[in-house]
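In what follows, a structure is listed as structure tokens, so that the remarks can point back to it.
Taken together, the values in this text are just the output of simple stated rules run on the coordinates, not laboratory data. Note that the structure is a prediction, hence the values are computed from the model and not measured. Because the Cβ atoms are built from the backbone with ideal geometry, glycine has one as well, and the counts that use them run over all protein chains shown.
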Amino acid sequence: MILKFPSINTYHLVVFYFVATHKNISTAAEELCLTQPTVTKHIKNLENNLDMKLIEVKRKRVVLTSAGEGLYLYAREIYSQAIAAERYIEHMKYSNVNIGVSPLFVSAISKAINTLTDKLHSSVKINIKFGSHMDLIEDVIDLKLDLAIVPDLGYGQDKVSNTRIADAVKLMFFASPAHVIFKKAKIQWKDLCNYPLLVGHEPFATKKVIPDKMIAEGVHTPLNMDLTANNIECCKILVRNGKNISVCLKEDIERELNDGTLRIIPLPNPVTVEVEAVAHRGLLTSPIIQSIISCMKASF
């Protein structure tokens with residue numbers, strides 16, 4: 001196969017990407033640590049090389065031509081892949097690794113941390129961010145995170161790669177042992193509709209997975225999911241002191257189950273989620289990322 005060296009100067013393309021993104025030459029120059037005339041010269045050189053107009057400046061604001069709009073898509077991809085390549089090399093040399101984790105999986109990441117610190121090189125620094133599924137995926141795409149551990153809710157993005165961490169992880173509904181629901185001889189899915197469901201951890205995930213499960217069980221009455229808490233500890237306090245029910249992984253309430261302050265609601269056919277590791281395209285094969293994924297798989 002004969003390879004052809006590109007005639008376009010890729011540095012010109014990166015400068016064009018900054019200008020097109022910010023719609024302002026001054027802002028682009030500041031981010032690139034270049035002077036405005038230098039940025040303008042790069043754009044002019046690119047336009048001369050392609051023999052077409054890419055931008056117009058109107059009242060200091062950059063407006064892309066139709067050719068510029070089309071080229072911007074390629075420039076964005078080139079910039080994104082260059083940053084991803086840098087991150088990959090940094091991983092090879094041992095560096096900071098930024099991991100995003102859904103709050104649903106706090107217990108699992110806690111188990112994995114000790115293994116990770118023993119397994120990885122001492123120069124590797126791990127930064128962990130907890131956040132919602134949507135926010136974490138967006139941060140992976142924007143290269144703010146190297147890896148995200150999230151429930152499998154679909155991604156709709158061709159810029160990420162994913163691999164399965166765990167299948168059919170059970171979500172447990174729980175309540176105070178004094179809750180009236182436990183007076184029923186046999187609790188059915190439809191009975192959950194009679195009580196407020198306190199949504200914590202990962203509202204986007206639970207508000208999708210649980211209603212889907214209810215429909216699958218033949219229940220079409222909507223759940224009352226208006227109450228949201230931002231962490232499992234708040235959920236546990238509110239459930240212990242009120243009429244609410246909530247949902248989490250069993251590991252999150254193990255202590256309370258043992259001391260009798262919380263009780264699992266027995267339901268037929270438990271609701272489950274699949275757990276995925278999601279990385280920017282190309283980073284999933286990084287040796288450090290693979291080590292982290294291995295530890296995460298062992299923790300579920």
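Summing +1 for each Lys or Arg and -1 for each Asp or Glu, what net charge is found among the other residues whose Cβ lies under 10 Å from the Cβ of residue 275?
Charge balance in the 10 Å sphere: -2.
Tell me whether region 10-90 comes out rounded, prolate or oblate; compute the Cα gyration tensor, take square roots of the eigenvalues as a ≥ b ≥ c, and use a/c under 1.5 as the rounded threshold.
Since a/c reaches 1.5 and a/b is larger than b/c, the shape of region 10-90 is classed as prolate.
Which value, in debye to the nearest 20, gives the size of the charge dipole of region 15-104 about its Cα centre, when Lys and Arg are +1 and Asp and Glu are -1 at the Cβ?
Roughly 320 debye, rounded to the nearest 20.
Any chance you could give the angle, 0 to 90 degrees and rounded to 10, that helix 10-22 forms with the longest Cα principal axis of the chain?
Approximately 60 degrees, to the nearest ten.
Please go through the residue pairs 208/243; 129/213; 144/236; 125/250 and name each one whose alpha carbons sit more than 27 Å apart in this structure.
Beyond 27 Å between Cα atoms: 129/213; 144/236; 125/250.
Select from 97, 63, 239 the residue whose mean-square fluctuation is largest in a Gaussian network model of the chain (Cα-Cα springs shorter than 10 Å).
Highest fluctuation among the options: 63.
What percent antiparallel are the DSSP beta bridges of region 168-273, to the nearest 5?
In region 168-273, DSSP labels about 75 percent of beta bridges as antiparallel.
So if I place +1 on the C-beta of Lys and Arg and -1 on the C-beta of Asp and Glu, and nothing else carries charge, what would the dipole magnitude of the chain be about its Cα centre? I want it in debye, nearest 20.
300
How big is the antiparallel share of DSSP beta bridges in the chain, given as a percent to the nearest 5?
Roughly 65 percent of the beta bridges in the chain run antiparallel, per DSSP.
Name the shape class, rounded, prolate or oblate, that the alpha-carbon gyration tensor gives for region 208-281, where a ≥ b ≥ c are the square roots of its eigenvalues, rounded holds for a/c under 1.5, and otherwise prolate holds if a/b is larger than b/c and oblate otherwise.
Oblate, because a/c is 1.5 or more while a/b does not exceed b/c.
I want to verify a result. In a Gaussian network model of the chain, Cα cutoff 10 Å, which of these has the top mean-square fluctuation: 287, 37, 211?
For the chain, modelled as a Gaussian network with Cα springs under 10 Å, the answer is 37.
Can you check what the net charge comes to around residue 138, using other residues whose Cβ is under 11 Å from the Cβ of residue 138 (Lys, Arg +1; Asp, Glu -1)?
Computed value for this residue: -1.
Which aspartates and glutamates have a Cα less than 17 Å from the Cα of residue 170, not counting those fewer than 8 places away in the same chain?
Cα-Cα hits under 17 Å: 152, 202, 212, 217, 251, 252, 254, 274, 276.
Taking K and R as +1 and D and E as -1, what net charge do the other residues with C-beta under 15 Å from the C-beta of residue 98 add up to?
-3
Among (1) 1.03; (2) 1.13; (3) 1.30, find the value of Cα Rg over 2.2 N^0.38 Å that was calculated from the structure presented, and write down its label.
(3)
Out of 58, 186, 250, any idea which swings most in a Gaussian network model of the chain, alpha carbons joined below 10 Å?
Judging by the Gaussian network model, the answer is 58.
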